[in-house]
Amino acid sequence: MQVHPSALITGITGQDGAHLAEFLLGRGYVVHGVRLYSATDDTQRLRDILDHPCFHLHIGDLNDGGALARLIRDCAPNEIYNLAAQSHVHASFKVPEATAQINALGPLRLLEAVRVLGREHDIKFYQASSSEMFGNAPAPQNENTPFAPCSPYAAAKLYAYWLVRNYRDAYGMFACNGILFNHESALRGQEFVTQKIARGVAALASDRDAPVLALGNLNSRRDWGDARDYVRGMWMMLQRDTPDDYVLGTGQSHSVRDFVNAAFDAAGFSLTWAGIGVGETARCSRTGRLLVRIDPSLFRPTEVNNLIADATKARTILGWTPETDFQTLVRDMIVAAMDDVSHARRDDHWANGNNARFA
Ligand code: NAP
Ligand code: F7E
């Protein structure tokens, strides 16, 4: 009888959870996804795999160590991918303690559960570490760059990063940190800047009365890649014979303003920028329609200015390279956002009594 490898993924309802689950199912894994209890349906990103015979959903919470231990005991996974987090950097300034509970102590609870169950030598562990841990360290950043976190989110992630290294050294666990730079997709949460821009542009392109796109700091630069490339990299880290930490990123950085320009361009608008600072705006070059403005409440108390990955180690040792470039990523996100907008308009149309068959 063929034995399938199995994986337990926390944060299954998030962007990476959904992409990783699909990737692992495609490789013959049995996948156990852990989601928070929710009174509403939070499984939209999983709709294509919910009925897969090798996919199982479980309720769990990184704030509940006992529940995590029972899940690990019952699912007996070969690999654990800890993707669950309070993942929004700006929100972490508003809920720093909750962020630390989930992002710092959550991984501790998982690692302790593995150890207490006596499975530290047969479970491989992946921790979702972040380029935010570099803060404003000079670019490009790699595994040897000193960390300088500048948000409660990044500080909590750094605690977890060191914990993973410590459990590797102290208990011989196969535990890896993937230090991932920003990665996006059509499944990206709507509060992150790329998806906010994609959705905002799609709305403006299809509706003359859509709200102007309000943004914060347009000057910060990020190394944006495609989430599907990055979940493949996570898996590759756990297929090695020895555990280690790896940076994943494209090596290209763009400003938020670059992203805005590329997104409007993909939707057929060309922009004319005017003003400076919080008075900066962008208008449609052809019609003069106001499309972008600045909202000062979206600025963060401290900002990470420029992230660029040096992913030489992942390229050399894992053989990992990203396959999607910036322009393709932006275009794919715009196409998906336009599609969603037109579906929503069609649903509204029928819901408003325009369906002749049921009138
Ligand atoms: P995401 O879409 O925000 O997903 C995070 C998931 O964690 C959501 O499913 C969320 O559930 C869940 N979660 C939150 N609190 C939890 C708790 N107490 N217990 C269990 N689950 C909980 O984030 P993502 O973009 O997929 O990122 C995945 C991981 O990679 C995160 O750890 C993130 O910090 C890290 N990371 C992301 C990037 C990136 O660019 N995407 C880069 C570097 C690192 P709800 O939605 O129900 O709250
Ligand atoms: O912000 C600026 C903002 O929230 C990107 C998470 O996945 O990647 C992500 O963190 C930049 C920042 O992502 C708006 O100030 C301007 O400079 O999309 P973001 P992030 O903070 O880089 C890292 C690697 C993670 O680990 C995190 O989990 O865009 N920005 N205007 C804005 N950002 C948002 N969200 N909204 C705006 O209106």
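Derivation of every value follows stated rules applied to the coordinates shown; laboratory data play no part. Note that the structure is a prediction, hence the values are computed from the model and not measured. Positions of Cβ are generated from backbone atoms using ideal geometry, with glycine treated the same way; all protein chains shown enter the neighbour counts.
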On C-alpha positions alone, give me the angle between the axis of helix 152-171 and the longest principal axis of the chain, in degrees, nearest 10.
20 degrees
I need the trypsin sites (Lys or Arg not before Pro) found in segment 268-344, filtered to DSSP loop residues with at most 14 other beta carbons within 10 Å of theirs.
Arg286, Arg289
Could you give the length gained by full extension between Leu36 and Glu97, i.e. 0.36 nm per residue of separation minus their alpha carbon distance, to one decimal place?
20.1 nm
With Cα atoms, 0 to 90° folded angle of helix 106-116 axis to the chain main axis
20 degrees
In nanometres, what is the gap between the two model label sites at His343 and Phe299, each 7 Å from Cα along Cα-to-Cβ?
3.8 nm
Sum of side-chain charges, Arg222 neighbourhood, beta-carbon under 11 Å (Lys, Arg +1; Asp, Glu -1):
-3
Rank His19, Val34, Cys54 by how far each Cα sits towards the positive end of the charge dipole of segment 1-84 (+1 on Lys, Arg Cβ; -1 on Asp, Glu Cβ) and give me just the farthest.
Cys54
Please find, in a Gaussian network model of the chain (springs between Cα atoms separated by less than 10 Å), the residue of Gln141, Gln252, Gln239 whose mean-square fluctuation is greatest.
Gln239
Coil-residue chymotrypsin sites (Phe, Trp or Tyr not before Pro) of segment 215-309, DSSP, other Cβ within 10 Å capped at 16:
Phe299
Where labels lie 7 Å past Cα in the beta-carbon direction, separation of Leu117 and Val212 in nm:
5.3 nm
Which ³J(HN,Hα) values in Hz, rounded to whole numbers, follow from the phi angles of segment 4-14 under the Karplus curve 6.51 cos²θ - 1.76 cosθ + 1.60, where θ = phi - 60° and Gly and Pro get x?
8, x, 10, 9, 10, 10, 8, x, 5, 7, x
What do you get for the angle between helix 193-206 and the principal long axis of the chain? Use alpha-carbon atoms, 0 to 90 degrees, nearest ten.
30 degrees
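Counting DSSP beta bridges with both partners in the chain, what percentage is antiparallel, nearest 5? Please list the in-between numbers first.
Values: 9 of 44 bridges.
Antiparallel bridges make up about 20 percent of those DSSP assigns within the chain.
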Karplus 3J(HN,Hα) series, Hz, for segment 221-238 with 6.51 cos²θ - 1.76 cosθ + 1.60 (x for Gly, Pro)
10, 10, 9, 9, x, 9, 3, 5, 5, 6, 5, 4, x, 4, 4, 4, 4, 7
Taking the Cα centre of the chain as origin, work out the dipole magnitude from +1 charges on Lys and Arg Cβ and -1 charges on Asp and Glu Cβ, in debye rounded to 20.
380 debye
Just in segment 122-210: which trypsin sites (Lys or Arg not before Pro) are loop by DSSP and have at most 11 other Cβ atoms within 10 Å?
Arg208
Quote the FRET efficiency, to the nearest 0.05, computed for Ala139 versus Leu108 with a Förster distance R0 of 30 Å and r equal to the Cβ-Cβ distance.
0.50
Hey, any idea what Rg/Rh is for segment 44-190, computing Rh the Kirkwood way over Cα pairs?
0.97
Helix-only CD estimate at 222 nm, as mean residue ellipticity for the chain, using -39500 (n - 2.57) per DSSP H run (n ≥ 4):
-11000 deg cm²/dmol
Max mean-square fluctuation residue, GNM over the chain, Cα-Cα springs under 10 Å, options Gly60, Gly189, Gly275
Gly275
Cα-only Rg/Rh for the chain with Kirkwood Rh rounds to 0.99
Most fluctuating residue given options Asp209, Asp325, Asp42, as computed from a GNM of the chain linking Cα atoms under 10 Å
Asp209
